[in-house]
1. Among the residues that make up region 68-89, is at least one of them β-branched (V, I, T), modelled with pLDDT of 95 or more and assigned to a helix (DSSP H, G or I)?
2. Quick check on region 205-223. Is at least one of its residues over 22 Å from K88 (Cβ atoms) and either basic (K, R) or in a loop (DSSP other than H, G, I, E, B) (or both)?
3. For region 64-113, give me the residue count where each residue is surrounded by 21 or more Cβ atoms within 10 Å (Cβ to Cβ), within 18 Å of F191 (Cβ to Cβ) and among the polar types (S, T, N, Q).
4. Kindly evaluate H355 against the criterion of being surrounded by 16 or more Cβ atoms within 10 Å (Cβ to Cβ) and closer than 12 Å to F408 by Cβ.
5. Would you confirm whether any residue within region 368-388 is more than 30 Å from T172 (Cα to Cα), outside the structural domain of Q184 (by TED's automatic domain parsing) and in contact with a Phe, Trp or Tyr (Cβ under 8 Å, 6 or more places away or on another chain)?
6. Which residue, of I237, I278, is touching a residue at least 60 places away in the same chain (Cβ under 8 Å), β-branched (V, I, T) and within 15 Å of T86 (Cα to Cα)?
7. Considering each of I216, I157 in turn, give the residue that is in contact with a strand residue (DSSP E or B) (Cβ under 9 Å, 6 or more places away or on another chain) and modelled with pLDDT of 95 or more.
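The values are calculated or read from the model by the stated rules, or taken from the named source; none is laboratory data. Not measured: the values here are computed from a predicted model. Using ideal geometry, Cβ is built from the backbone for each residue, glycine included, and neighbour counts are taken over all protein chains shown.
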Amino acid sequence: MFYMLLRHRDVPDINQIDVYQKNGGFDALKKAIKMDTTDVTNEVKAAGLRGRGGAGFPAGVKWSFMDNNNWPHYVVANADESEPGTFKDREIMESNPFQFLEGISIASYAVGANAAYIYLRGEFWEVAHFLDEKIEEMEKAGFLGEKIQGTDYSLKIYTHLGAGAYICGEETALLESMEGKRGQPRVRPPFPPSQGLYNKPTVVNNVETLTSVPYIISNGADGYRKFGTEKSPGTKIFSLSGNVNNPGNYELPLGTTFRELIFTHGGGIPDGKSIKAIMPAGASSSLIVANDEALDTPMDYENVRNVGADLGSASVIVVDDSIGLDWLINKTMSFFEHESCGKCTPCREGAYWMHQLTKRIHAGEGTKEDVELLKDVATQVQGKTLCALGEFSTMAVVSSIERFPEDFEAKV
């Protein structure tokens, strides 16, 4: 199996700087800082690298939006990783940290940033300390700090711990938190590339996105496009969990089918049970009916939409036929009610009432009218919230009621 991101599975101890350098480490950074900054951005744009945090927005295009009439510029790595079912970024940071840090350095050079920040969720404090050690090692080796590799370019990278809030995975709430304010989303526009951290132009990219950058610079856009599909190039780390024999992170080309991930790599469903549903994007995902059409669907940003969901961060949760979806959506609504920041009314009130209804239905105390009301509340929330959290909270609710009505009929 080819590893572009999870290279520690091929190269033992690649989280040691000497091992990383012996295996081509920092070659991309050395190449990038001799290039024109626009050429670096254009190479990433030509590679078609799409944001791996969930939205799938082209990274190079985002970099090109930076306002060059407003300085200084910043790069922020989103290492909040708060989506239930997602655990890929932590593995990268712990096991292949230098490739991640090299990606941050190249992105910072491309957009003219001399300071970059890694925003980690509060529970990742051990990872933050580990990254601080790796940053110091890079500085001593001349790959960070003043006049990197004898050039005029200087960069400092800092870690910043949040307080463990799901909402701070949203880029503007993350920036508010970094500024010492309450972690709540900003009204957009303006967007971070024009007014971000401290109202200065800022690129916010996910850990996995930035870790992909060194490969692109070293091998060119064409080398990167050898993997994946035309509109969704490259490899992707799929975090597989739920009712599956071999849960874990699997790095595969975008366009790999659900069937291959779940049955070939994941070892299928335990105890001889049948697969019932798939959540391709963690707790914030719509549920897909796991029929042959869905299982044979390529996992990329376009095709997953054809079966009624989004790929998101590719945190694939498998649901077997022993699970009642009234139980599942009660679990997701418990989470979203707790994590709503409360800034906008539709999400704050909608999440509360959806959870009240799912609790009642799951307890066997609901009625047919409660199921109809639950769906009505969820659809009223959609399209009316300040950020995507409110929208995400409704996805499992609406899709499960529409696609698995028998689960709710049995409870009421």
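1. no
2. Within region 205-223, not a single residue is over 22 Å from K88 (Cβ atoms) and either basic (K, R) or in a loop (DSSP other than H, G, I, E, B) (or both).
3. 1
4. So H355 fails the test.
5. Checked region 368-388: at least one residue is more than 30 Å from T172 (Cα to Cα), outside the structural domain of Q184 (by TED's automatic domain parsing) and in contact with a Phe, Trp or Tyr (Cβ under 8 Å, 6 or more places away or on another chain).
6. Of I237, I278, the one residue that is touching a residue at least 60 places away in the same chain (Cβ under 8 Å), β-branched (V, I, T) and within 15 Å of T86 (Cα to Cα) is I237.
7. Result of the check over I216, I157: I157.
Quick grid of which residues meet (1) over 26 Å from the mean Cα position of the chain (by Cα); (2) over 30 Å from E251 (Cβ atoms):
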position	(1), (2)
D310	no, no
V318	no, no
D321	yes, no
E339	no, no
G350	no, yes
A363	yes, yes
